[in-house]
Amino acid sequence: SKSFLNQCISIPGCMLILLVVSGPLRRKMAQSVLSTMPGASTGTVVVKDPLNFWGGKRVTLGHEKNAEPVYEPATGRVMCQMVPCGAEEVDEAIKSAHSAYLIWRKMAGMERARVLLEAARIIRERRDNIAKLEVINNGKSITEALEDIDVSWHTIEYYAGLAGSLAGQHVQLPGGTFAYTRREPLGVCVGIGAWNYPFQIATWKSAPALACGNAMVFKPSPMTPVTAVILAEIYKEAGVPDGLFCVVQGGAETGTLLCHHPGVAKVSFTGSVPTGKKIMEMSSKGIKQVTLELGGKSPLIIFKDCELENAVKGALMANFLTQGQVCCNGTRVYVQRDIMPQFLEEVVKRTKTIPIGDPLLDDTRMGALISKPQLDKVLGYVSQAKKEGARVLCGGEPYIPSDPKLKGGYFMSPCVLDNCRDDMTCVKEEIFGPVMSVMPFNTEEEVIQRANNTTFGLASGVFTRDISRAHRVAENLEAGTCFINNYNISPVEVPFGGYKMSGFGRENGQVTMEYFSQLKTVIVEMGDVESLF
């Protein structure tokens, strides 16, 4: 737009690269890594492009210190090396983001919206290739990954629609004096993502941040570093100022540098409770705003008057998406005693038929867990559950697909546990794998008390035909989300976040615009000053 160009020209030199690298050249750059995806298959992809991105381009670090191998979960094969950023690189990225922020914040909301809509369009156009790369790096099924990419462009499109709606309030005061409020961006925000939804989480954090006029420096999980940089290239191609969305790779050390950096205004983190506590503590040193989306051990309550078919499908969706590696999963399944036998029979029958294998095949419904340590950890929880008296009704064992190239992959059979108690480790701790713990209950009052007896509070669910009971139970469950007669649907239009140790702040929905902006009050005196002195 004309006003955007005027802003660019007003800061000498800073936008020349953006203006020169345009049209077909920019499109070619963003597509280069994805161009091999149509013919790619499991076990064949090697990523050699640099994975860090700032100043509008991928950045090759001048060192390869502490480089870490990145594994393809379905094969156990090394697909690339992740080179972490140190203090110098983090500082470069944040300075790059701040320069872009000074331009972006001056643009009208509608101008920002047009750029974001273009980013959403590009993602929609390339969804198949992005999803394929996501599967190779993450291990989930292609069916799920395609949904994730759709959610991603929906998210950017949604916040593009809100970008022009940021507004303040006018307040009339006595004597003709008045005040107004301005909703303003925060500055450079840091997003720290998780490995279960790499691309989607990057959009969940960046879309509202950018819509509000902020810049973002995003650090993906070191286990899934590949697709966030694709998003950075897409934002550039869509027309954001160079540096507006940067990607820095690394683990805990890089995250620490980001949280302590004085140029950062806010940190939005998705991950575990222990890491969330550290993020909060580090960010507090600079009084930075923080959003934490942490772990969960969510209850799913199934009453005897439910539609059993839907309840079984809901329990499967609540436990086995992304190989059970979902923070809001309803892994504590409470079933009213009268229907416990029928429920268990049906849920076990369906769990046994879940197709496990090559995540790039359309028929696969369960791919590989993210890593060998994670697989061992989940299998360890199953072993511990058996020692504590739980009964394995199906699954819970390493799974070796028939395809030879998958022999080294991190697969396991989905598990249903019966004979569980509330004091068991498998019921109290977040397993983050395909393990469902089923327990009977008798009364509504009893199950609500048991459901709330946890330090977590991310999500919850209830299946019942009694509409009064459904709303009553939802009101009394201590969780940020309650699903009624469904589970694990997350439309961008509604807020998502936790109670208790599952975090605070929200992602998605209109309210998230408040978490990525700040309010300024302006008081205007129209008369003379009344002074006491």
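Filtered by the rule that a residue be out of contact with any strand residue (DSSP E or B) (no Cβ under 6 Å at 6 or more places or on another chain) and open to solvent by less than 20 Å² (accessible area, probe 1.4 Å), the range 61-74 gives Pro73, Ala74. If you check Val392, Val348, Val435, Val382 for being within 30 Å of Glu475 (Cα to Cα), β-branched (Val, Ile, Thr) and in the same structural domain as Val462 (by the TED database), only one passes: Val435.
Kindly indicate whether any position in the range 88-105 is out of contact with any strand residue (DSSP E or B) (no Cβ under 7 Å at 6 or more places or on another chain), more than 15 Å from Gly243 (Cα to Cα) and hydrophobic (A, V, I, L, M, F, W, C). Among the residues of the range 88-105, not one is out of contact with any strand residue (DSSP E or B) (no Cβ under 7 Å at 6 or more places or on another chain), more than 15 Å from Gly243 (Cα to Cα) and hydrophobic (A, V, I, L, M, F, W, C), which makes the answer no.
Got a sec? Which of Ile467, Ile448, Ile431 is free of Cβ contacts under 8 Å to residues at least 24 places away in the same chain and either open to solvent by 20 Å² or more (accessible area, probe 1.4 Å) or under 26 Å from the mean Cα position of the chain (by Cα) (or both)?
Numbers: Ile448 fails: free of Cβ contacts under 8 Å to residues at least 24 places away in the same chain; Ile431 fails: free of Cβ contacts under 8 Å to residues at least 24 places away in the same chain.
After ruling out the rest, the residue left standing is Ile467.
Looking at the range 40-49, can you tell me whether even one residue there is hydrophobic (A, V, I, L, M, F, W, C), in a strand (DSSP E or B) and more than 24 Å from the chain's Cα centre (by Cα)? Steps first, please.
Here is the first cut: in the range 40-49, the residues hydrophobic (A, V, I, L, M, F, W, C) are 40, 45-47.
Those left that are additionally in a strand (DSSP E or B): none.
The answer is no; no qualifying residue exists.
Which residues, taken from the range 484-533, are open to solvent by less than 70 Å² (accessible area, probe 1.4 Å) and basic (Lys, Arg)? Arg506 - this is the single residue of the range 484-533 that is open to solvent by less than 70 Å² (accessible area, probe 1.4 Å) and basic (Lys, Arg). When the test is whether a residue is open to solvent by 20 Å² or more (accessible area, probe 1.4 Å), modelled with pLDDT of 95 or more and on the phi > 0 side of the Ramachandran plot, Gly380 does not pass it.
Looking at Trp104, Trp153, which one is open to solvent by 20 Å² or more (accessible area, probe 1.4 Å), among the hydrophobic types (A, V, I, L, M, F, W, C) and in the same structural domain as Gly213 (by the TED database)?
Step by step, each of Trp104, Trp153 is checked, and only Trp153 is open to solvent by 20 Å² or more (accessible area, probe 1.4 Å), among the hydrophobic types (A, V, I, L, M, F, W, C) and in the same structural domain as Gly213 (by the TED database).
Considering only residues in the range 394-423 that are over 25 Å from Pro359 (Cα atoms) and surrounded by fewer than 20 Cβ atoms within 10 Å (Cβ to Cβ), the one that is farthest from the chain's Cα centre (by Cα) turns out to be Asn419.
Looking at the structure I just gave you, is Ser371 over 22 Å from the mean Cα position of the chain (by Cα), of a type in the set (Gly, Ala, Ser), at pLDDT 95 or above and not assigned by the TED database to the domain that holds Pro225? I'd like the intermediate steps shown before the answer.
Details: over 22 Å from the mean Cα position of the chain (by Cα): no; of a type in the set (Gly, Ala, Ser): yes; at pLDDT 95 or above: yes; not assigned by the TED database to the domain that holds Pro225: yes.
Against the criterion (over 22 Å from the mean Cα position of the chain (by Cα), of a type in the set (Gly, Ala, Ser), at pLDDT 95 or above and not assigned by the TED database to the domain that holds Pro225), Ser371 does not qualify.
Note on the range 159-186: residues that are part of a helix (DSSP H, G or I) and open to solvent by 50 Å² or more (accessible area, probe 1.4 Å) amount to 3.
Residue under question is Ala232, and the condition is that it be over 18 Å from Ser96 (Cα atoms), among the hydrophobic types (A, V, I, L, M, F, W, C) and out of contact with any Cys (no Cβ under 6 Å at 6 or more places or on another chain); does it hold? Quick ask: steps written out before the conclusion?
Details: over 18 Å from Ser96 (Cα atoms): no; among the hydrophobic types (A, V, I, L, M, F, W, C): yes; out of contact with any Cys (no Cβ under 6 Å at 6 or more places or on another chain): yes.
Against the criterion (over 18 Å from Ser96 (Cα atoms), among the hydrophobic types (A, V, I, L, M, F, W, C) and out of contact with any Cys (no Cβ under 6 Å at 6 or more places or on another chain)), Ala232 does not qualify.
Checking each residue in the range 289-315 for being touching a Ser or Thr at 6+ places or on another chain (Cβ under 7 Å) and of a type outside the set (Ser, Thr, Tyr) picks out Val290, Glu293, Leu294, Gly295, Gly296, Lys297, Pro299, Phe303, Asp305, Cys306. The set of residues in the range 301-314 that are of a type outside the set (S, T, N, Q) and farther than 21 Å from Asn196 by Cα comprises Ile301, Ile302, Phe303, Lys304, Asp305, Cys306, Glu307, Leu308, Glu309, Ala311, Val312, Lys313.
Among the residues of the range 380-410, the ones that are under 18 Å from Thr425 (Cα atoms), hydrophobic (A, V, I, L, M, F, W, C) and touching a residue at least 40 places away in the same chain (Cβ under 8 Å) come to 4 in all.
Only one of Ala145, Ala131, Ala97, Ala113 is open to solvent by less than 40 Å² (accessible area, probe 1.4 Å), under 12 Å from Leu210 (Cα atoms) and touching a helix residue (DSSP H, G or I) at 6+ places or on another chain (Cβ under 8 Å). Can you tell me which?
Numbers: Ala145 fails: under 12 Å from Leu210 (Cα atoms); Ala131 fails: under 12 Å from Leu210 (Cα atoms); Ala97 fails: touching a helix residue (DSSP H, G or I) at 6+ places or on another chain (Cβ under 8 Å).
Among Ala145, Ala131, Ala97, Ala113, only Ala113 is open to solvent by less than 40 Å² (accessible area, probe 1.4 Å), under 12 Å from Leu210 (Cα atoms) and touching a helix residue (DSSP H, G or I) at 6+ places or on another chain (Cβ under 8 Å).
Pairs linking a residue in the range 474-490 that is farther than 18 Å from Leu321 by Cβ to a residue that is β-branched (Val, Ile, Thr), with Cβ atoms under 6 Å and 6 or more positions apart or on different chains, are Asn476/Ile448; Ile484/Val462.
Candidates are the residues of the range 482-514 that are more than 15 Å from the chain's Cα centre (by Cα) and hydrophobic (A, V, I, L, M, F, W, C); the one that is farthest from Lys266 (Cα to Cα) is Ile484.
The values are calculated or read from the model by the stated rules, or taken from the named source; none is laboratory data. Predicted, not measured: the structure shown is a model, and the values here were computed from it. Neighbour counts run over all protein chains shown; Cβ positions are idealised from the backbone, glycine included. Heads up: the accessible areas ignore ligands, DNA and RNA and are worked out on the full protein's heavy atoms, side chains in. Shrake-Rupley method; radii C 1.70, N 1.55, O 1.52, S 1.80 Å.
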